[in-house]
Amino acid sequence: MRQRAARDQKRLDSGAVSSPKDLENLQHEIVSLARRQGDLEDIVLEIMERRESAQGRVAELTDRVASVQAKIDDAVARRDAALGEIDGETASVTREREVVAGSVPADLLKLYEKLREQQGGVGAAKLYARTCQGCRQELAITELNEIRQAAPDTVVRCENCRRILVRTSESGL
C-alpha cells in the first residue's frame with residue numbers, strides 16, 4: 001500500500017498526468033490509500049496491544065502453574081515420606097506380632113486367625129465399659145455376668161460379632 005501510494009505521488013509530482021480528471025482521481029486515490037493505511041496501522045496497534053496483554057496473561061498463568069506444581073511436588077514428597085513411615089511401622093508391628101504369636105497357644109492362634117479372616121482383619125476386640133470394641137455393641141447383663149464368672153485365662157467371645165474379647169481393668173466388670 002505504501003509502495004502504491006509512493007508510486008501515485010511520484011506520478012502526480014512528475015507532471016506525467018495532464019488530464020484534470022486523472023489528476024483528481026489520482027489525488028483521491030492517494031487520500032484513500034493514506035486513510036486505509038491509517039486504518040491498518042490502527043488495527044496493527046490494537047493487535048499488538050492484545051498480543052502484549054495475552055503475553056502478560058501467559059506469564060501470569062505460567063507462574064500459577066509453577067506454583068501449583070510446587071504444591072503438588074510438596075504433597076507427593078510428604079505422601080512418600082508418610083508411606084515410608086507406614087511401611088516402617090508395618091514391618092515393626094509385623095515383627096512384634098510374630099514374637100507375640102509365638103507365645104500364644106496354637107489352638108487359640110488358629111481361632112484368632114479364622115475370626116480375623118471372617119471379620120475383615122480384626123479377630124479380637126477390647127471389652128471397654130461393657131462394650132465390645134469390635135462391633136460397638138453393649139453386652140447384655142447376662143453376658144457380662146458370665147464373663148465376670150469366667151476364669152481369667154478363659155477365652156470369652158462377643159455374642160454379637162463372635163470376636164474374642166480382651167478383658168482389661170477398663171472392661172466395666
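Put a dot 7 Å past the Cα of Met48, heading toward its Cβ, do the same for Gln69, and the two dots end up 3.2 nm apart.
The relative contact order of region 71-173, computed from alpha carbon pairs under 8 Å that lie at least 6 residues apart in sequence, is 24 percent. Quarter the surface of the alpha carbon convex hull of region 105-167 and you get the mean projected area, 4.0 square nanometres.
Using the Kirkwood formula over every pair of different C-alpha atoms, what hydrodynamic radius in Å results for the chain?
On the way: mean 1/r = 0.0396 Å⁻¹.
In the chain this quantity evaluates to 25.3 Å.
Computed from Cα positions, the angle between helix 2-14 and the longest principal axis of the chain comes to roughly 10 degrees.
Centre-to-centre, using Cα atoms only, region 95-173 and region 68-84 are separated by 39 Å.
In plain terms, the residue of Asp153, Asp42 with the fewest other Cβ atoms within 10 Å comes first and the most crowded comes last, giving Asp153, Asp42.
Exposure proxy shown here: for Leu165, Leu109, the number of other Cβ atoms within 10 Å sets the order, fewest to most, as Leu109, Leu165.
Counted by neighbouring Cβ atoms within 10 Å, the residues Leu40, Leu144 run from fewest to most as Leu40, Leu144.
Backbone amide hydrogens, once placed in the peptide plane, bring Arg163 within less than 5 Å of Cys158, excluding anything fewer than 5 places away on its chain. Normalised by the number of residues in the chain, the mean separation of alpha-carbon contacts (under 8 Å, six or more apart) gives a relative contact order of 14 percent.
Tell me, what is the FRET efficiency for Arg78 and Gln137 to the nearest 0.05, using R0 = 45 angstrom and their Cβ-Cβ distance as r? Don't skip to the answer; put the middle values down first.
Details: r = 38 Å, r/R0 = 0.84.
With a Förster radius of 45 Å, E is 0.75.
Full extension of the chain between Arg148 and Ser169 yields a length gain of 6.4 nm, computed as 0.36 nm times the residue separation minus the alpha carbon distance.
Each value in this text was obtained by applying a stated rule to the coordinates, not by laboratory testing. In this text the structure is predicted, and so the values were computed from the model without any measurement. Backbone-built Cβ (ideal geometry, glycine too); neighbour counts: all protein chains shown.
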